[in-house]
1. Among (1) in contact with a strand residue (DSSP E or B) (Cβ under 7 Å, 6 or more places away or on another chain); (2) over 16 Å from residue 120 (Cβ atoms); (3) β-branched (Val, Ile, Thr), there is one condition residue 24 misses while meeting the rest; what is its number?
2. Looking at residue 92, is it crowded, with 19+ Cβ neighbours inside 10 Å, of a type in the set (A, V, I, L, M, F, W, C), touching a Lys or Arg at 6+ places or on another chain (Cβ under 9 Å) and under 19 Å from residue 136 (Cβ atoms)?
3. Within the stretch 50-68, does at least one residue satisfy the condition of being in contact with a strand residue (DSSP E or B) (Cβ under 8 Å, 6 or more places away or on another chain), surrounded by 21 or more Cβ atoms within 10 Å (Cβ to Cβ), touching a residue at least 24 places away in the same chain (Cβ under 8 Å) and under 21 Å from residue 110 (Cα atoms)?
4. Taking the condition of being within 11 Å of the chain's Cα centre (by Cα) and more than 15 Å from residue 30 (Cα to Cα), how many residues in the stretch 59-92 meet it?
5. With 91, 150 as the choices, which residue is assigned to a strand (DSSP E or B) and modelled with pLDDT of 95 or more?
6. So which residues in the stretch 56-84 are in contact with a helix residue (DSSP H, G or I) (Cβ under 8 Å, 6 or more places away or on another chain) and polar (S, T, N, Q), if there are any at all?
Amino acid sequence: MEGILVINEFLPRPRTDWNGDGAVNVEDEFVEVMNIGDQAVDIRNWRLDDGHGGSSPYTLPSSMLQAGQMVVFYGSQTRISLSDGGDTIRLLRKDGVVVDILNYPAVNEPDRSWCRLPNGRGAWTSACRPTPGTANTASGTETGTMTLNLGYEEESETRTCLLPDTLPREILQAECESQGAAVWNSGFWDAETGEMIWLESRDKWGVYIK
């Protein structure tokens, strides 16, 4: 048996400074590659990408990955953008053959990674706690939450932001970081006709959503 490389874990939506550069942003996204074979592998010229039409492929540097060893590549290094709205992650051999691939759906929770449980050969699950460079671990919870300060000292609300990072920053800020959260919620719209909904108003003019 020889060395066998697989994608072992990846994080599309970080909320922690995983790469340790002092900032929390898309550069904290990471992909972890593992050698599940019984021999060392030189990973030079293997590549990672997010599918056809996505970010430019990242060519792995020369390094001997021992049997059972893992290596982590952060977004600050790869420049691969893993979309919160759903995307593809692939590992390609030196000759361009795809050896590992996963198409994942929209990511609703920050700091929830996709990982194999158990490491290397297990099934993929999205209920993982990010563990770059160490053994994969289930998150232990079914849902994640984001606590938003609504501007009142005695009041706060816990809400999960469901919008993907592919949306403009202005929309993300209005939805997830202000008192106007959930303005996109489909419950504000007439599901049958798609028409605007009139709201009660104390002002002279009616208030509606268009």
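The values are calculated or read from the model by the stated rules, or taken from the named source; none is laboratory data. Small disclaimer: the values here were computed from a predicted structure and weren't measured. Cβ: placed from backbone, ideal geometry, glycine included. Neighbour counts: every protein chain shown.
1. All conditions are met except number (1).
2. So residue 92 fails the test.
3. yes
4. 2
5. 91
6. 76, 81
Let's see how each residue does on (1) part of a loop (DSSP other than H, G, I, E, B); (2) under 13 Å from the mean Cα position of the chain (by Cα):
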{"position": "3", "(1), (2)": "yes, no"}
{"position": "6", "(1), (2)": "no, no"}
{"position": "9", "(1), (2)": "no, yes"}
{"position": "19", "(1), (2)": "yes, no"}
{"position": "33", "(1), (2)": "no, no"}
{"position": "38", "(1), (2)": "yes, no"}
{"position": "45", "(1), (2)": "yes, no"}
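Yes/no per residue for (1) under 23 Å from residue 95 (Cβ atoms); (2) at pLDDT below 95:
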site	(1), (2)
1	yes, yes
8	yes, no
17	no, no
24	no, yes
34	yes, no
37	yes, yes
41	yes, yes
